[in-house]
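The structure appears right after this line, and notes come after that.
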Amino acid sequence: MKPIQSCNDLVIRFANVNGSGSASANNLFARAVFRLGLPVSPKNIFPSNIQGLPTWYEVRISEQGYLGRRGGVDMVVAMNGQTMHRDYAELQPGGYFVYDSSRQLPEEYERQDLVLIGLPLTNLCNEAFDNPRMRGLLKNIIYVGGLAYLLDMELEVLTAAVELQYRKKSQLIPPNLKALELGYDHARRHHQGRCLLTTRRRDDLIGDQILMDGNAATALGAIYGGATVVGWYPITPSTSVIEHFGRYAERFRREEGGGRLMAAIVQAEDELAALGIVIGAAWNGARAFTATSGPGISLMSEFLGLAYFAEIPVVLVNVQRAGPSTGMPTRTQQGDILACGYASHGDTKHLLLFPSTPAECFTMTARAFDLAERLQAPVIVMSDLDLGMNDQLSPPLNWDDDGRYDRGKVLDHDQLEALEEQWGRYRDVDGDGVGYRTFPGTHPSKGAYFTRGTSHDEYSKYSEESDTYLQNMERLVQKWETAKGLLPLPEERPAEEKAAIGLVCYGTTIFSAQEAVETLAREGLAIDVLVIKAFPFQQAVVDFIQGHEEVLVVEQNRDSQLRTLLLVECGLAPEQLTPVTSYDGLPIAARALVEQLRTLLASGQSTTTTVTQGGAA
Amino acid sequence: MTFFRPSFRHPQLPANQAGYYLRDYEGGISTLCAGCGHDSINGAIIQACYELSLEPHRIVKLSGIGCSSKSPAYLLSAAHGFNSVHGRMPSIVTGANMANRELLYLGISGDGDTASIGMGQFVHAVRRNLNMVYIVMNNGCYGLTKGQYSATADKGSVGKKGEPNLLESIDLCEIAIQLGAGFVGRSFSGDKQQLVPLLKAAMSHIGMAFIDVISPCVTFNNTPTSTKSYHWVREHSEATSTFDFVPFRQEITTDYENGSTEAVTLHDHSVIYLHKKDPEVAVTDRRQAVDALEEHKEEGLILTGVLYVDPESEDTHTILNTSERPLNSLEQAELCPGSAALKEINEELR
Ligand SMILES: Cc1ncc(C[n+]2csc(CCOP(=O)(O)OP(=O)(O)O)c2C)c(N)n1
Ligand code: SF4
Ligand SMILES: [Mg+2]
C-alpha cells in the first residue's frame with residue numbers, strides 16, 4: 001500500500017484525553033497552519049466531561065479552501081490509550097499513525113497499510129523536564145514539534161506562535177520552545193523522508209481572512225449592535241457567547257473615570273428568567289439579548305409567545321446542539337429549526353437568521369437588534385456548536401461607521417407632546433403591521449399603556465371580542481410580510497452550466513454542500529445552490545425551488561426540518577423537495593455527502609431520507 | 001369593561017407636593033369580586049403613591065397572572081403596565097430595572113404566582129436584592145382558577161370546598177428575610193392604617209422591598225375555618241410595633257421616647273420610627289426577625305408590620321457595578337466601538 005501523498009490537502013486527527021492540556025497544543029498547530037497562509041478548519045470533537053474522557057481535534061488543511069469536514073483521516077496523533085486501537089483502525093489505508101513509542105505497540109497493531117511513526121514522547125519529556133505537572137503539557141508540544149518536521153512546516157511559524165501565546169507568561173516560553181525543538185529534532189533524526197504529507201506556505205489563498213470562533217463573533221456583534229442588558233443561563237455550547245460578551249464589555253464598555261460597566265450581565269436562575277430579563281429590558285427601551293441551546297429553547301417557549309404577541313423586540317441566540325432532550329450536549333446539529341420557527345403555543349412564528357461564518361455571526365447578530373426593534377418581534381440567530389465553538393476561517397469582520405441603529409418606531413417625549421389624535425400601541429397607521437411603542441417614564445400624561453399577553457385591541461385594552469382578536473392576528477400576518485422585505489435574502493450560487501437540480505442548504509452545512517456540488521460538477525453533474533439566510537422565506541426561495549426539476553434540501557437533523565418548513569410555508573408538494581440529512585452529531589462530511597448525492601441522483605429516487613454518516617469519532 | 005366614573009371624587013383631598021390629585025393615581029374600574037381583599041390593597045397603593053407625591057409616570061407596574069395580578073389595571077393609569085405570564089413577573093422586572101434604574105418598579109403578584117409557579121423567580125429576585133417593591137396579595141388560594149389551595153395556605157386551614165389543607169405552608173416573609181431582601185413587611189388588606197405607611201416605607205427603600213399582604217378571597221377562601229379569612233386575621237394578628245414613616249423632605253415634628261422607639265433611616269433619607277411592644281427585638285437583625293415570626297406562629301398569631309429592614313443593603317446595580325445612567329439612555333456613539341476597533345480585532349485574529 002502506498003502511503004498517502006499530498007501537499008496542502010490533508011486531515012489530521014489528534015486523539016487526546018479531555019483535560020490533559022492538549023487543547024492549547026492543538027490550537028497552536030492549527031494557528032501555525034493558518035499563518036502559513038493555508039485554509040484550515042479545526043474541529044473539536046469533545047465529550048460532555050471536564051476531565052478524563054476521550055476528545056479529538058480534527059484539523060483539515062485544504063488548498064482549495066474547503067472548510068467543511070472532509071471525512072476520512074490521513075494522519076492520527078494517538079495520545080489516548082483508551083481510544084488508540086479505534087483511532088488506529090479508522091485511519092485511511094496509506095495513513096500515518098503517530099504514537100508515543102516510549103512503550104512498544106501491542107501486537108494487535110498489525111495493519112500493513114499504515115506508516116507507523118513512533119515518537120518517544122514520554123521519555124523525551126521526562127529526560128528534558130523536571131516539573132511533573134509541566135511534563136504532561138509539554139509532551140503535547142513535543143508532538144507538535146514532531147509534526148512540524150513531518151509535515152515540512154517552517155519551525156519559525158511555530159516558535160512565533162509559542163511566543164505570542166505565552167507573551168503574558170514569558171517564563172513559559174523557553175520550556176515550550178525547547179519541547180518544540182525536541183520533537184522536531186527527533187523526527188528529523190528518525191523519520192526523515194517517511195511522511196509524504198506536506199505543507200507549503202502560500203501567500204495567495206487566505207487573503208485578509210481571520211480565524212475566529214462563531215460565538216466570539218456573535219458576542220462582538222451584540223456589542224456592536226448596542227446590547228446593554230444580557231440575561232443568561234449557562235449551557236453548552238452557548239456559554240462562550242456570554243463569556244466573550246463579558247470580555248468585550250470589559251474592553252469596550254467601561255465608563256471613563258468611574259469604571260462602571262455600560263452593560264448589565266445577569267446570570268439568571270434558569271432560561272425562563274433569562275428570556276424574561278431580556279423581555280423586561282427590551283420593553284423598557286434597552287437592547288437586550290440572551291444565548292442558549294436546545295433545552296433552553298424549550299424552557300423559553302412560553303416567553304417567546306409573550307414576546308411575539310405583546311410585540312417585544314428580543315434577540316435570542318441559539319447555538320444548536322444534538323437533541324432531543326439533553327441529547328449529545330457537546331455534539332453539533334441543526335435540530336431546532338421547527339422548535340424555533342414555531343416556538344410557543346397558539347399561532348406563533350418567529351424570525352430566524354442562519355449564519356454560516358463568524359463574519360455572518362457578527363453582522364447578523366448586530367443586525368438582529370435592528371430587525372427586532374423595527375419589527376417589534378423576537379429574532380432568533382440560529383448558530384450551532386460547530387460554528388460557535390470551533391475556530392473558522394472567515395472573512396474579516398466589517399462595520400460601517402455611517403450606519404445608524406434602527407431603533408424602530410418609538411415615540412419620544414416631544415413626539416408624544418405633539419400628538420393630536422389618540423395614540424394606540426397596536427394601531428397600524430403605516431400599513432406595515434407595526435405600531436408605535438413608548439417607553440415607561442417618557443411623558444407625564446401621554447403614551448402609557450398596558451402590555452399584556454392576553455388578547456388586546458389597538459389601544460392595548462383587554463378584549464375577548466372575536467373581531468378584535470382576528471384583526472390583531474391578521475395584523476401580525478401583515479407584519480410577517482413586512483419582515484420578508486427586511487431580512488437578508490438567500491444567496492444563489494449557480495452552477496457554471498444550466499442545472500436541472502437545485503440544492504438548498506443553510507448554516508454550517510453550506511461548506512460540505514458546496515464542496516460536494518463542486519466535486520459532482522467535475523463529474524459533469526451541474527447543481528445550483530441556494531443558501532437560505534432567514535425565515536420567513538422570501539419569494540426568491542420559492543422561485544429557486546420552482547425553477548428546478550429536482551431540489552435537494554441538505555441539513556443536519558433527522559427529520560428534514562427546514563424542508564418541512566419550506567413545504568408548509570411555501571405551499572410546496574412533498575415530492576418537490578428531496579431530503580438529505582446527516583445528524584450523527586459530527587459536522588456533516590463532504591466525502592460522505594458526495595457518495596450519498598451520487599447514489600440518490602443515480603437512483604432517481606426522491607423523498608427518501610439519506611443519512612450521510614459523518615464517520616465515527 | 002368600561003364604566004363611567006365621576007371625576008369629582010375626593011373633593012377634600014388637595015394636590016400633593018408634586019401637584020397630583022388622588023385621582024391621578026387611580027386606574028380602571030376593578031373587575032374583581034365585590035369585597036375581594038385585593039381591591040383594598042390597590043386602594044392602599046394608590047393612597048401611598050399619592051401621599052409620597054410620586055410622579056405616576058415614573059412608576060412601572062408589573063404582574064404575573066391571577067386575580068391579584070390583574071391589579072395593575074386598576075391603579076396608576078398614567079404608568080406603563082406589564083401583565084406578563086404566570087409566575088414570571090420577577091424576571092421581567094429584573095430586565096426592566098436593568099434597562100432603567102431611575103423608575104420605581106411595583107411588582108404585584110399572588111401567592112400562587114409567587115409561592116408555586118414563580119418560586120424560583122421570586123427567590124432569585126430577592127437574592128439579587130433587586131430594587132423594587134414586591135407585593136404579594138396572599139389569599140391562600142388560587143382565586144382565578146377557582147379556589148385550589150396555594151402553597152401559603154396554612155396546614156389545617158379549611159376553605160370553601162370543606163377539605164382541609166394537609167400540606168405545610170410556605171412563609172414568603174421568612175424566605176425573603178433569609179435570602180437577603182433589604183425590607184420585609186407583612187400586613188392585612190383590611191388594615192389601611194398599617195398598610196399605607198408600610199407601602200410608603202417600602203417604596204422609599206432602595207433594594208428589594210417585599211410585602212406579603214393577607215388578602216381574603218371572599219369567593220373561595222373566606223370561611224370562618226380559613227386562616228386567610230377576614231374574621232380569622234382580625235382575631236389573630238399582632239403587630240410587631242406601630243410605626244410612623246417620615247419621608248425625606250418632610251419635617252419631623254413628633255418627639256419619640258427613647259427606649260421603645262427605634263428609628264431606621266433608609267437610603268433615601270426617609271425614616272421609619274418603630275414604637276415597639278418589645279424594645280429588645282431589633283428589626284435590623286435577621287435572626288431575630290425570623291424568630292419573632294416563628295414564635296408568633298407557635299402561638300397561632302400572625303405577626304404584621306415592618307418585620308425586617310437592612311438600610312445598608314446593596315441593590316443589583318450596585319452589585320453589578322453598572323453605569324449610574326439608565327442603560328436605555330446610552331446612544332450608539334457610546335455603545336458601538338466602531339470600525340477602527342474592529343480593525344484591531346481582525347488583526348489580533350490573523
Ligand atoms: C403556565 C400557566 N399555568 C396555569 C395557569 C392558570 N392560572 C391562572 S391564575 C392561576 C393561579 C393564580 O393564583 P394566585 O397567584 O394566588 O392569584 P389569585 O387569583 O389568588 O389572586 C393559575 C394556576 C396559567 N395562567 N399559566
Ligand atoms: S375569586 Fe377571590 S381573589 Fe379572585 S377576585 Fe374573587 S375574591 Fe378576589
Ligand atoms: Mg392567591
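Values computed for the structure shown
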{"item": "Failed condition for B:Gly107, given (1) open to solvent by less than 10 Å² (accessible area, probe 1.4 Å); (2) within 16 Å of ligand 2 (Cβ to nearest atom)", "result": "(2)"}
{"item": "Residues within the range B:32-70 that are part of a loop (DSSP other than H, G, I, E, B) and either away from ligand 3 (no atom under 16 Å from the Cβ) or within 17 Å of B:Val196 (Cβ to Cβ) (or both), tallied", "result": "5"}
{"item": "Total residues in the range B:300-350, condition more than 7 Å from every other protein chain (Cβ to nearest Cβ) and out of contact with any helix residue (DSSP H, G or I) (no Cβ under 9 Å at 6 or more places or on another chain)", "result": "15"}
{"item": "The lone exception for B:Gly64 - which of (1) away from chain A (no Cβ under 12 Å); (2) within 11 Å of ligand 1 (Cβ to nearest atom) it fails", "result": "(1)"}
{"item": "Residue count, the range A:273-295 (criterion: buried (at least 24 other Cβ atoms within 10 Å of the Cβ) and more than 7 Å from every other protein chain (Cβ to nearest Cβ))", "result": "10"}
{"item": "Members of the range A:377-409 that are within 13 Å of chain B (Cβ to nearest Cβ), open to solvent by less than 40 Å² (accessible area, probe 1.4 Å) and farther than 30 Å from A:Thr332 by Cβ", "result": "A:Gly403, A:Tyr405"}
{"item": "Hits in the range A:244-262 (condition: open to solvent by less than 50 Å² (accessible area, probe 1.4 Å), in contact with a strand residue (DSSP E or B) (Cβ under 7 Å, 6 or more places away or on another chain) and within 8 Å of another protein chain (Cβ to nearest Cβ))", "result": "A:Arg253, A:Leu261"}
{"item": "Options A:Gly327, A:Gly280, A:Gly285: the member that is of a type outside the set (Val, Ile, Thr) and free of Cβ contacts under 8 Å to residues at least 12 places away in the same chain", "result": "A:Gly280"}
{"item": "Some residue of the range B:160-183 being open to solvent by less than 40 Å² (accessible area, probe 1.4 Å) and within 19 Å of B:Gly35 (Cβ to Cβ)", "result": "no"}
{"item": "Residue within the range B:138-147 that is within 13 Å of the chain's Cα centre (by Cα) and away from ligand 3 (no atom under 16 Å from the Cβ) present", "result": "no"}
{"item": "Residue in the range B:121-129 that is surrounded by 24 or more Cβ atoms within 10 Å (Cβ to Cβ), within 16 Å of ligand 2 (Cβ to nearest atom) and within 22 Å of B:Ile41 (Cα to Cα) present", "result": "no"}
{"item": "The range A:435-488 - residue that is hydroxyl-bearing (Ser, Thr, Tyr) and assigned to a helix (DSSP H, G or I) and, of those, farthest from the other protein chains (Cβ to nearest Cβ)", "result": "A:Thr482"}
{"item": "Test: A:Leu419 is of a type in the set (A, V, I, L, M, F, W, C), more than 14 Å from chain B (Cβ to nearest Cβ) and surrounded by fewer than 20 Cβ atoms within 10 Å (Cβ to Cβ)", "result": "yes"}
{"item": "Residue check, A:Asn140 free of Cβ contacts under 8 Å to residues at least 40 places away in the same chain, within 32 Å of the chain's Cα centre (by Cα) and surrounded by 24 or more Cβ atoms within 10 Å (Cβ to Cβ)", "result": "no"}
{"item": "In the range A:524-581, residue farthest from A:Tyr342 (Cα to Cα) [restricted to those that are among the hydroxyl-bearing types (Ser, Thr, Tyr) and out of contact with any Asp or Glu (no Cβ under 8 Å at 6 or more places or on another chain)]", "result": "A:Ser560"}
{"item": "Unique residue being aliphatic (A, V, I, L, M), modelled with pLDDT under 95 and not in a helix (DSSP H, G or I) when the list is A:Leu116, A:Leu105", "result": "A:Leu105"}
{"item": "Subset tally (residues that are within 16 Å of ligand 3 (Cβ to nearest atom) and outside any helix (DSSP H, G or I)) for the range B:103-116", "result": "5"}
{"item": "The lone exception for A:Thr218 - which of (1) without any contact (Cβ under 8 Å) to a residue 40 or more places away in the chain; (2) within 29 Å of A:Phe245 (Cβ to Cβ) it fails", "result": "(1)"}
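Residue-by-condition table, conditions (1) closer than 19 Å to B:His205 by Cβ; (2) open to solvent by 30 Å² or more (accessible area, probe 1.4 Å); (3) among the small types (Gly, Ala, Ser); (4) part of a strand (DSSP E or B):
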position: B:Glu280; (1), (2), (3), (4): no, yes, no, no
position: B:Lys297; (1), (2), (3), (4): no, yes, no, no
position: B:Gly305; (1), (2), (3), (4): yes, no, yes, yes
position: B:Thr318; (1), (2), (3), (4): yes, yes, no, no
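The values are calculated or read from the model by the stated rules, or taken from the named source; none is laboratory data. Small disclaimer: the values here were computed from a predicted structure and weren't measured. All Cβ positions, glycine included, derive from the backbone under ideal geometry; neighbour counts span all protein chains shown. Remember, those area values only see protein heavy atoms, side chains included, never the ligands or the DNA or RNA. Shrake-Rupley method; radii C 1.70, N 1.55, O 1.52, S 1.80 Å.
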